[in-house]
Amino acid sequence: MLNLKFKQNRYHFDPLENLAHNLKLRRIIENGIVAIFKQWKKLTAATSFDHELQKLSYKKAAEYALNNFNNASYFPNKSQLYQYIQSEVLSRTNTEHIHAEFGVFKGQSINYFADCNHELRWYGFDSFEGLPEDWSGNGKMKEHFTTAGKLPKVRQNVTLIPGLFENTLPQWVRAQNKPFAFLHLDADLYSSTKQVLDIASSYIDENTLFLFDEYFGYVGWENGEHKAWIEWLTIKSFLAECVAYAGNGTALFRLIKKHNK
C-alpha cells in the first residue's frame, strides 16, 4: 500500500514537474534568484578582516585615551556624556559667549543642548546637503547625511545658518565679534573640522570648550577630527585638556593656555 500511495502521489505531481521543466522555472530560480541572493549575502557579510580592522582601531583609541586622558571623566556611552555636559558644563558656561554646532543634520544634538539651558542661544551650521566629500575609512560617501536642503525643526533658542562653512562662517563670526564658549564639532571630516577651527581661531580663547563627536575609535580616526585638532593646537600654540570622553569616540576638551614660545 505504501508503494502504491507513493506512485499515486508521483503520478499526481508529474504534470507540475513537467510544466516546471518545460518553462525552465527551476533553472531560472536556481541560477537567477537564488544565485543573486547568495552573492548579495556574500558581499554584505561581515568578514574576519573587517572585525580585525575594528579591533585594531578600538585598541589604538583605547591606548591613546589611557596615555592622554588620565584626568578626564570616562563614560561608557554618549548618552551619559551628554548628561554630564548638561549638568556640569552647560549650566556654567558664559551666556554672553557663542555656543555653536557644526554638522546639524536632523537637529537631535543641538536640540538636546538647547533644552539643557534655555538661557543659552545656539547657532547651527550645516549645508544640509550632506558630506562635501567621501569620509575615508568610514564607508560614508559624498552627500551622505543629506536632508536635501530641508532644515530640521529646532528649539526657539536655536538659529540655523545653512551653507558651507567656508561661505557662511567668516562673515558671521566677524558680525558677532565675540568669543566662542562651546563648539560642538560634528562635521566628521578632517577638512571640514579644520575649516571651522581655522576660521573661528580669532574668537577662541582659554576655557573655550570643544566637543568632537567622532574624535577616535573608528577605522581611520587618526586622519579625521583628531588630526585637525592636533594640528590646530600645534599651529596656534595652545594646550588643551580632555575633560570627558565616551566609549563611542566622543571627546570634550577645554583650552588651558598657550605654550611659552
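Pick out, in residue order, every one of the GluC sites (Glu not before Pro) in the stretch 103-191 that is DSSP loop and has at most 14 other C-beta atoms within 10 Å; say none if there are none.
Filter output for the stretch 103-191: Glu119, Glu133, Glu143.
Using r as the Cβ-Cβ distance of Ser73 and Gln171, and R0 as 30 Å, what FRET efficiency do you calculate, to the nearest 0.05?
0.20
Among Ile85, Ile199, which comes first, then next, by fewest other beta-carbon atoms within 10 Å?
Taking fewest neighbouring Cβ atoms as first place, the list is Ile199, Ile85.
Cβ under 9 Å from Ala114's Cβ, Ala114 left aside: what net charge do those residues give with Lys, Arg +1 and Asp, Glu -1?
So the surrounding residues net to +1.
Which links in Lys78/Lys178; Lys106/Lys142; Lys236/Lys257; Lys194/Lys236 stretch past 19 Å when you go from one Cα to the other?
Lys78/Lys178
Sorting Val243, Val104 on the 10 Å Cβ count, fewest up front, what's the list?
Least crowded to most crowded, the residues run Val243, Val104.
Do any GluC sites (Glu not before Pro) in the stretch 170-226 lie in a loop, going by DSSP, with at most 13 other beta-carbon atoms within 10 Å of their beta carbon, and if so which?
Here the sparse-neighbourhood loop sites are Glu206.
Testing the spin-label approximation: label points 7 Å from Cα along Cα→Cβ at Glu119 and Asn223. State their distance in nm.
Taking the simple label geometry, Glu119 and Asn223 are separated by 4.5 nm.
Search the structure for amide H atoms under 5 Å from the amide H of Phe238, placed 1.01 Å from N in the peptide plane, and list their residues when 5 or more places away or on another chain.
His259
Assuming 0.36 nm per residue, please report the length gained on full extension of the stretch Lys153 to Asn207 beyond their Cα-Cα distance.
Full extension from Lys153 to Asn207 adds 16.4 nm.
Sorted from fewest to most neighbouring beta carbons within 10 Å, what does the list Ser237, Ser127, Ser48 look like?
Ordered from fewest to most neighbouring Cβ atoms within 10 Å, Ser237, Ser127, Ser48 come out as Ser48, Ser237, Ser127.
Expressed as a whole percent, how much of the Cα-Cα distance distribution for the stretch 49-258 exceeds 23 Å?
Roughly 43 percent, rounded to a whole number.
Rule-based calculations on the coordinates, nothing more; no lab input. Model, not experiment: these values are computed from the prediction. Don't worry about glycine lacking a Cβ; one is built from the backbone with ideal geometry, like all the others, and counts go over all protein chains shown.
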